[in-house]
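The values are calculated or read from the model by the stated rules, or taken from the named source; none is laboratory data. Keep in mind that this is a model prediction, so the values were computed, not measured. FYI the Cβ positions are ideal-geometry reconstructions off the backbone, even for glycines, and counts take in every protein chain you see.
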Amino acid sequence: MEIQVVGSKLMARIAVVTGGTRGIGAAISVALKDAGYNVAASYGGNDEAANKFKGETGIAVYKWDVGDFEACQAGVAQIEADLGPIDVLVNNAGITRDGTLHRMSVENWAAVISTNLNSLFNMTRLVIEGMRERGFGRIISISSVNGQKGQFGQSNYAAAKSGAIGFTKAVAQENAAKGITANVVSPGYIGTEMVRAVPEDVLNAKILPLIPVGRLGEPEEIARCVTFLASEDAGFITGSTLSANGGQYMA
């Protein structure tokens, strides 16, 4: 169990997972809870899914737009009032608005950059000072294989996910001496609801042949990566990108 000493008491560490009620984020939230963390999962819009997740897992859920700094400020303040200071931040929230650049709208570019990249600043900025004061923190951001290699029709998404890697390397350098690590997990094709909705013939002909291990990843496999990086055992790992893509892209 990941614990901290507060006064004379042993307390579970507090972890926040953005986009933490569905897909990879839900698996991360559950894995952290199972590892002994007190978890808060944020979400952006699907109340039905969030309430179902809360009912099934007992994990506290909070709704706000991670691309909006003031909304993040209010959300973080509420979590800290409810649970305590945040020790672990998992920047997982993300959206897609695919399209080739010559047809991409300004709105679709801005939406993806706001949710997938600006959110990293918003959330990390709001927890970093407390982490520095307490001498401990774990910041883990979820990138993508397409942020490492690029992807046709995803200039916005690839830019944001690549930006997450550069952001993390800078944050890692700035805060290493304060007991804070910052790392990236970069998944490949994972068997979430969205990916499994791809027609089977497309999956078999266009996606699986690109993956040397011959299958999709599972959300729980990404969650295990995050849980390790959040732990005390990972204190010497910072500024790193952990690729979990079945061999699809080797950086």
Selected residue (criterion: surrounded by the most Cβ atoms within 10 Å (Cβ to Cβ)) from residues of the stretch 87-121 that are in contact with a strand residue (DSSP E or B) (Cβ under 8 Å, 6 or more places away or on another chain) and part of a helix (DSSP H, G or I): Ser119
Does any residue in the stretch 82-111 that is under 27 Å from Val185 (Cβ atoms) come within less than 7 Å, Cβ to Cβ, of a residue that is part of a loop (DSSP other than H, G, I, E, B) and among the aromatic types (Phe, Trp, Tyr) six or more places away or on a different chain, and which pairs are these? Asp87/Phe136; Val88/Tyr37
So which of Ile211, Ile190 is of a type in the set (Val, Ile, Thr) and closer than 28 Å to Ala12 by Cβ? Ile190
Check on Arg215, closer than 23 Å to Arg22 by Cα, loosely packed, with under 14 Cβ neighbours inside 10 Å and at pLDDT 95 or above: yes
Being free of Cβ contacts under 8 Å to residues at least 60 places away in the same chain, acidic (Asp, Glu) and within 21 Å of Leu126 (Cβ to Cβ): is that true of Glu48 here? no
Residue list for the stretch 219-251, restricted to those being closer than 25 Å to Gly150 by Cβ and free of Cβ contacts under 8 Å to residues at least 40 places away in the same chain: Glu221, Gly247, Met250
For the stretch 201-210, does any single residue satisfy the condition of being modelled with pLDDT under 95 and of a type in the set (Lys, Arg)? yes
Restricting to the stretch 134-156, count the residues that are farther than 30 Å from Arg13 by Cβ, surrounded by fewer than 23 Cβ atoms within 10 Å (Cβ to Cβ) and touching a residue at least 24 places away in the same chain (Cβ under 8 Å). 5
Which pairs have Cβ atoms under 9 Å, sit 6 or more apart or on different chains, and link a residue in the stretch 186-197 that is surrounded by 14 or more Cβ atoms within 10 Å (Cβ to Cβ) to one that is in a loop (DSSP other than H, G, I, E, B) and of a type in the set (Ser, Thr, Tyr)? Ser186/Ser143; Ser186/Ser144; Ser186/Tyr249; Pro187/Ser143; Pro187/Ser144; Gly188/Ser144; Gly188/Tyr249; Val195/Tyr189
